[in-house]
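The values are calculated or read from the model by the stated rules, or taken from the named source; none is laboratory data. All values derive from a computational prediction rather than experimental measurement. Cβ placement follows ideal geometry from the backbone for every residue including glycine, while neighbour counts extend to all protein chains displayed. The accessibility values were calculated without ligands, DNA or RNA, using every heavy atom of the protein model including side chains. Shrake-Rupley method; radii C 1.70, N 1.55, O 1.52, S 1.80 Å.
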Amino acid sequence: MTPAADPSRDLRRFAWLSIAAAIATITLKAGAWLLTGSVGLLSDAAESVVNLVAAVVALVALTVAGRPADDDHHFGHAKAEYFSAAVEGLMIFVAAGVILVTAVERFLHPQPIDNVGVGLGVSVVASVINGLVAVVLVRAGRRHDSITLRADGQHLLTDVWTSVGVVVGVLLVALTGWQRLDPVVASLVGINIVLTGVRLLRESVGGLMDTALPEERHREIAAALLPFASDEVDFHGLRTRKSGHHEFAELHLLVPGHWTVRRGHDLTEDVEQHLRRAMPELQVVIHLEPLEDPRSYDGVPVDLGALPAGPQGRTDLGREGIV
């Protein structure tokens, strides 16, 4: 069954919300930097520029990912979301590099900070905007299983905590008079941004490498198969992968060799329909094999790990159940 486009899953409105928030916060934070001259606030504004670029990339990725399957992409375009997360991760590294270089230069040549109260007030307003939009994006990402929205939301949340750190640093400079606190805080901001980039790249690479579904998901699949298992029906060789919000599973259905093709086909259709009802987002491919043929158990790299193995490597769903 080929994944189809879901009109209710048009997530581009969240990308537009992220773009609007990025433009607003860039304007506010750049104004705060111009008022104060704080390199910490400059680093905060630089990260908001990255947010804007990431939001535009997210918009493009969500547009591509929303397209239905076609002659050149039989499994749809959902993996475009992983490219968005990867691009955002790389952009984060660039921003972190600029911040760290600027912080080192300012540490070596400290400068006074002006208009602290007004500058920090503007920065706080920008942080509130980012925080509200981040919550919306993270919740939408979880609800729609979108790595693009989750990545964008998590980055904005990091930006919020970054802004908190910068505000604290600027306040400490104003209270203590030690100007080097400002670039020290900016350096910590840069390091925090690098860690965010590493997490995003790790998740996007995992998706592009067709990582298997979580063990909990395997158990759900096994539970759905359990009612069909008997002395004459067995399951073997479950393999799964995730592509964007789509989930794919392949498995072997083992039946007696004397069954007719029609009987085996009818059972296969029943199993597939049951799995689709239990897990609508799961795309299933089932291979029919003879139960008594040893070759049916050969050459399968991943077994149905959610179930205990019985005699001759069989899963024995009906007799043993799920562990």
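Using r as the Cβ-Cβ distance of residue 195 and residue 12, and R0 as 22 Å, what FRET efficiency do you calculate, to the nearest 0.05?
It comes to 0.15.
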Percent accessible area from carbon and sulfur atoms, the stretch 158-221, protein chains only, probe 1.4 Å
70 percent
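Return the FRET efficiency for the residue pair residue 20, residue 94: r is the Cβ-Cβ distance, R0 is 25 Å, and the value is rounded to the nearest 0.05.
Values: r = 23 Å, r/R0 = 0.91.
Approximately 0.65, to the nearest 0.05.
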For the pair residue 223 and residue 56, what calculated FRET efficiency results from E = 1/(1 + (r/R0)^6), where r is the Cβ-Cβ distance and R0 = 45 Å, to the nearest 0.05?
0.60
